[in-house]
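One structure is given below, encoded as structure tokens.
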Amino acid sequence: MAGTRWVSAICAAVALFTLYSVITRHEPKGLFLAAFFLLFALIMDLRKTFTFDAMQRIVRWKGRKVFKAESGEIPFDDITDIGTEASVGDMGVPIYRLTIITPRATIPMAYVYGGDHDHYSTLRRQILDFAKPRSTIQSPEPGGSG
């Protein structure tokens, strides 16, 4: 599981265990705790998926947060670059996420950032090689957006 989804899974498991405990022990005051963990599980269940369709030369994406769903399509020809956004995480450690850059918008490919710049750099190159096989787009500086 990537990003925050593992936290969501743990919170959901704790919510179920707490609910079971409330039911078997007949302690209704524990329902608040179960509801809290369930709410936190929903908040942390962030998903964003991208499907690159080589036949139609289009990227379809879907994202989901607690009370919000979003989606879109991006023709390969509209992609000008794959960027790498950088932020600073815990204890000053840089963290990254990829973005799809078009003339009209920059679409983050994840809701959360992650470490390992080399992984994101390799993934960026693989996406560009797939979507723009004869592209001359150069690798950006670490943490650059383009």
Check your understanding: Using modelled backbone amide H atoms (1.01 Å from N, in-plane), which distant-in-sequence or interchain residues come within less than 5 Å of GLY89's amide H?
Key -> ILE95
Revision key, fill the gap. For the chain, longest principal axis from Cα atoms; helix 5-25 axis from its Cα atoms; angle between them, nearest 10 degrees, is 10 degrees
Exercise for review: Bin width 10 Å, alpha-carbon pairs only: give the P(r) of the range 92-132 as whole percents, running from 0 to the bin holding the largest distance.
Suggested key: 27, 53, 19, 1
Revision key, fill the gap. Excluding near-sequence neighbours (fewer than 8 apart on one chain), the chain holds lysine pairs with C-alpha atoms under 28 Å apart numbering 5
Review point. To the nearest 10 degrees, how steeply does helix 31-44 sit against the main Cα axis of the chain, on a 0 to 90 scale?
Key: 0 degrees
Exercise for review: Between ARG125 and ALA105, with labels modelled 7 Å along Cα→Cβ, what's the label distance in nm to one decimal, could you check?
Suggested key: 3.0 nm
Check your understanding: Can you give the Kirkwood hydrodynamic radius for the range 24-146, in Å, rounded to one decimal and based on Cα pairs?
Key -> 16.6 Å
Review point. Between GLN126, THR18, PHE37, whose Cα lies farthest towards the positive end of the dipole of the chain when Lys and Arg beta carbons carry +1 and Asp and Glu beta carbons carry -1, centred on the Cα centre?
Key: THR18
Check your understanding: Once the Cα atoms of helix 117-131 and of the chain are each reduced to a long axis, what angle between those two axes, in degrees from 0 to 90 to the nearest 10, is obtained?
Key -> 60 degrees
Review point. Can you give the helix-only mean residue ellipticity at 222 nm for the chain, where every DSSP H stretch with n ≥ 4 adds -39500 (n - 2.57) and the sum goes over all residues, rounded to the nearest 500 deg cm²/dmol?
Key: -11500 deg cm²/dmol
Review point. Cβ under 14 Å from ILE74's Cβ, ILE74 left aside: what net charge do those residues give with Lys, Arg +1 and Asp, Glu -1?
Key: 0
Check your understanding: Using a simple charge model, +1 on the beta-carbon of Lys and Arg, -1 on the beta-carbon of Asp and Glu, nothing else, what dipole does the chain show about its Cα centre, in debye to the nearest 20?
Key -> 440 debye
**Study point:** Length-normalised contact order for the chain - Cα pairs under 8 Å, 6+ apart - percent
**Key:** 18 percent
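Bear in mind these aren't lab numbers, they're just calculated from the coordinates by the rules spelled out. Only a predicted model underlies this, so the values are computations on that prediction, with no experimental measurement involved. Glycine also receives a Cβ, built like all others from the backbone with ideal geometry; neighbour counts cover every protein chain displayed.
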